[in-house]
Amino acid sequence: MSIRPQKPAPGTPAPGKLPLTELAELKARRQPIVMVTAYDAPGGRLAHEAGVDLVLVGDSAAMTVLGHDSTVPATMEEMLVLTRAVTRGASRSLVIADMPFGSFQVSDEDAVRNAIRFVKEAGADAVKLEGAGVMLSRVRAIVAAGIPVMGHIGLTPQSATMLGGFKAQGRTAEQAAALLQDARALEAAGCFSLVLEAVPAPVAARVTRELAVPTIGIGAGAACDGQVLVWHDLLGLYDGRTARFVKRYADVGATIRTALAQYAADVREHRFPEEQHTYAMPAEELALFEAAASEHREHAHDRS
Ligand code: KIV
């Protein structure tokens, strides 16, 4: 294990951590913002080392890590454990915790309480929540409590059933106008950034131009201020069907399968472990141990 988190003093931004306020400046400079999901300490550390700007502990963990077939079953307790792991590994990155289904829908109080848990118990810098409409009040309440909120509109997986499945959103003029209205309202409610998921590129481009805060696209085209991909999709670790917007940058799954098959063959063929993988002990200690073990065996034999 070689995870050595460098924990900053409480309240001190870790060196290298992008100040949240810098995001709007990146947008103004048209410098694309890079976000990726991560679900554990090595993932967080690798994302930071690769120079990723924002690490999202997505509730996609329900599917990628926990094996569910949707994001809905993710619980607060599971998301807290995963977020805590990521912030240990990515102590020098801005970490955003995704609020799971059921953790913010019921009331503003509930939403604020759960957002606070992500910050206090898991070390998150900000939270993300899906939707607009009644969720605007949740955004206002969480921001008023001093916690930065990232919005998420377009395809919102937690309400995929209501949306008729995992489908692109905003494909009619009416839907696109509603999306733009939601985006403006979320910005006015205090979101520091918005995820636009599975939205036609020209609609996302217009939303991006209309807002002062950065948009982070996933299946929303190149005009967004930043992009996000899910760790398992990007690295080829997810076996399920992936969306058309996924670009796979590596086939880590194949590498892991080959390594595991090699390991299994080595164990079965007595090629592993080798001398260098074992511990020695002083010869006299070994002789004493062998003698004691034999004596014990003889006594046991006499008793039977
Ligand atoms: O849960 C998640 O990973 C997400 C991203 C796809 C934005 O919400």
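Please treat every number below as a calculation from the coordinates, not as lab data. Just so it is clear, the model here is predicted, and its values are computed rather than measured. Cβ placement follows ideal geometry from the backbone for every residue including glycine, while neighbour counts extend to all protein chains displayed.
For this structure, a couple of remarks:
- In order through region 187-197: 3J(HN,Hα) via Karplus (6.51 cos²θ - 1.76 cosθ + 1.60), integer Hz, x for Gly, Pro: 5, 5, 6, x, 4, 8, 5, 10, 7, 10, 10
- Gaussian network model of the chain, springs between alpha carbon atoms under 10 Å - residue of Leu163, Leu155, Leu80 with greatest fluctuation: Leu163
- Rounded FRET efficiency, nearest 0.05, which uses the C-beta distance separating Glu49 from Ala177 and R0 of 30 Å: 0.10
- Interchain or long-range residues, amide H under 5 Å from Leu94's placed H: Leu18, Val55
- Residue-wise HN-Hα coupling along region 42-57, computed from phi with Karplus coefficients 6.51, -1.76, 1.60 (Hz; x: Gly, Pro): x, x, x, 5, 5, 4, 5, 4, 7, x, 5, 6, 10, 10, 9, 8
- Cβ-Cβ FRET estimate between Thr242 and Met281, R0 fixed at 51 Å, reported to 0.05: 0.50
- Extension gain from Ala145 to Phe289, taking 0.36 nm per residue of separation minus the Cα-Cα distance: 45.5 nm
- Candidates Met162, Met76, Met99, ranked by Gaussian network fluctuation over the chain, Cα under 10 Å, top entry: Met162
- Residues Ile116 and Met162, FRET efficiency given R0 of 22 Å [Cβ-Cβ distance, rounded to 0.05]: 0.20
- Listed values for region 22-28 are Karplus-derived 3J(HN,Hα) couplings in whole Hz (6.51 cos²θ - 1.76 cosθ + 1.60, θ = phi - 60°), namely 5, 4, 5, 5, 4, 4, 4, and x replaces Gly and Pro.
- Gaussian network model of the chain, springs between alpha carbon atoms under 10 Å - residue of Ala173, Ala201, Ala185 with greatest fluctuation: Ala173
- Taking Cα atoms only, the orientation of helix 201-210 departs from the longest principal axis of the chain by about 70 degrees.
- Volume per residue of the convex hull around the Cα atoms, evaluated for region 81-192, comes out as 108 Å³.
- For region 21-255, the share of DSSP beta bridges that are antiparallel, to the nearest 5, is 0%.
- Simple rule: put +1 on each Lys or Arg Cβ and -1 on each Asp or Glu Cβ in the chain, find the dipole, and look at Gly164, Gln181, Phe101; the Cα lying farthest toward the positive end is Gln181.
- Cβ crowding within 10 Å averaged over residues, with 232-245, 208-221 ranked highest first: 208-221, 232-245
- From the alpha carbon centroid of region 235-268 to that of region 161-216 is 33 Å.
- Tensor-based shape of region 21-255 (alpha-carbon gyration tensor, a/c under 1.5 rounded, otherwise prolate or oblate): rounded
- In terms of distances greater than 24 angstrom between alpha carbons, the cross-link table entries Lys17/Lys128; Lys120/Lys167; Lys27/Lys120 yield Lys120/Lys167; Lys27/Lys120.
- For Ser193, the amide hydrogen comes within under 5 Å of the amide hydrogens of Gly151, counting only partners 5 or more places away or on other chains and with H modelled in the peptide plane.
- Residues Glu197, Glu187, sorted so that the one with the fewest Cβ neighbours within 10 Å comes first: Glu187, Glu197
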